Amino acid sequence: MVVTTDDEHLLTLGNNEDGEPFKCAVVDDSAFMVKNLVRMLESFDAEVIATAENGKEAVALVEEHGDELDFLTLDITMPEMDGLTALEEILKIEPELKVLMVSAMGQEDTVKESVMKGAKHFVVKPFQREDVFNRLEKVLKG
Amino acid sequence: MKAEYINPFVTSAISTLKQFIPGMEVNRGKLAVSSAPSQSLGTATYIGISGDLEGRVIYDMNRVTAVKIASEMNGEKIPGLNELVRSTIQELGNIITGNASAKLHKQLDGKHIDITPPSLIVGEDMEISDSISDKYLQVPLETNLGNIIINVNIKESS
């Protein structure tokens, strides 16, 4: 899953409606996962403007940066506040924000609950780079 | 505890390791029953299970193996057991357990399983013990980066 220099920049998300790179945030309690996702998203030419390591921080992040964000990736199993609870709180603040769940909890009922609560898509860890890219394309351009 | 509960963890561990580290050699050892307390190898990731099942899973390895696996997963040589190694090994346990819970969900006709964020406990001469039961099912994974012992103690919630 580690992004290698060979395949970097072969996939690009392009620009948002303002003609700028898509701006996003990454929420995950694992520094390892944040590092990998940030590197991967930047290789898609997205701009990661903030990260958070639990649901409470994610809500605070959206309160501060929500109007700048095109999308946000959100883990589920996190301390302080889990991702599904955070998802509800985030969408109360920014109802139009596109949220991509990125979690190892790929149980069918968890995926359904995420979508019912307003997530746009779900990526199960461990993921392939192309999976994340394809889902993001659907989320952003679908 | 039912032996069928440990298989999803073993298969998820093998597939997750191979996805993160292409070419990794992983062989499944023999199932054993361990009486707690048992001696830890020194780097143990604890993850709690709740919902329709309850208990915990422990992924146990020695410090050298943890550093080797984390180095491979990060694509860089990490000199010792630092924060990045801790985070990587915890996330490995989280992903294995999350994937295993999805398999159990299917296997057990939709039973819902939640998992806690992982805790990593590092130290020499540690013992693994539990208040739920004094028995763990254990499966060792023998890999080219060192051994990983999967300890599972799960039962149906009362």
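Things worth noting here:
- The selection criterion, being within 14 Å of chain A (Cβ to nearest Cβ) and more than 15 Å from the chain's Cα centre (by Cα), does not hold for B:F9.
- Matching residues in the range B:47-77 - criterion: being buried (at least 19 other Cβ atoms within 10 Å of the Cβ) and outside any helix (DSSP H, G or I): B:I47, B:I49, B:L53, B:G55, B:R56, B:V57, B:I58, B:Y59, B:D60, B:M61
- Residue in the range B:12-45 that is nearest to B:S158 (Cα to Cα), counting only those that are away from chain A (no Cβ under 14 Å) and among the basic types (K, R): B:K30
- Figure legend. Inter-residue proximity from the range B:53-76: first residues under 18 Å from A:F32 (Cα atoms), second residues of a type in the set (K, R) and not in a helix (DSSP H, G or I), beta-carbon distance below 8 Å, spacing 6+ or different chains. Indicated pairs: B:S71/B:K77.
- Residue match in the range B:91-98 (condition: within 11 Å of chain A (Cβ to nearest Cβ) and more than 15 Å from the chain's Cα centre (by Cα)): no
Matching residues to (1) touching a Lys or Arg at 6+ places or on another chain (Cβ under 9 Å); (2) aliphatic (A, V, I, L, M):
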| position | (1), (2) |
| --- | --- |
| B:L17 | no, yes |
| B:K30 | no, no |
| B:A66 | yes, yes |
| B:N82 | no, no |
| B:G98 | yes, no |
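- When we screen A:F133, A:F127 for residues that are closer than 22 Å to A:N15 by Cβ and out of contact with any helix residue (DSSP H, G or I) (no Cβ under 8 Å at 6 or more places or on another chain), the only hit is A:F133.
- Residue within the range A:24-35 that is more than 12 Å from chain B (Cβ to nearest Cβ) and among the small types (G, A, S) present: yes
- Matching strands (runs of 3 or more DSSP E) fully within the range A:22-116 where at least 1 residues are of a type in the set (F, W, Y) and under 20 Å from A:R135 (Cβ atoms): A:71-74
- Check on A:G118, free of Cβ contacts under 8 Å to residues at least 40 places away in the same chain, farther than 30 Å from B:D52 by Cβ and surrounded by fewer than 19 Cβ atoms within 10 Å (Cβ to Cβ): no
- Among the candidates A:V99, A:V62, residue that is touching a Gly at 6+ places or on another chain (Cβ under 9 Å) and surrounded by 16 or more Cβ atoms within 10 Å (Cβ to Cβ): A:V99
- Among the residues of the range B:51-89, the ones that are over 16 Å from the mean Cα position of the chain (by Cα) and among the small types (G, A, S) come to 4 in all.
- Matching residues, the range A:83-133, being within 14 Å of chain B (Cβ to nearest Cβ) and out of contact with any strand residue (DSSP E or B) (no Cβ under 9 Å at 6 or more places or on another chain): A:T85, A:E108, A:D109, A:K112, A:E113, A:P126, A:Q128, A:R129, A:E130
- Residue match in the range A:121-132 (condition: among the basic types (K, R), surrounded by 19 or more Cβ atoms within 10 Å (Cβ to Cβ) and more than 12 Å from the chain's Cα centre (by Cα)): yes
None of the figures in this text is laboratory data; all of them are computed from the coordinates on show. Treat the numbers as computed from the prediction; the structure is a model and nothing was measured. Using ideal geometry, Cβ is built from the backbone for each residue, glycine included, and neighbour counts are taken over all protein chains shown.
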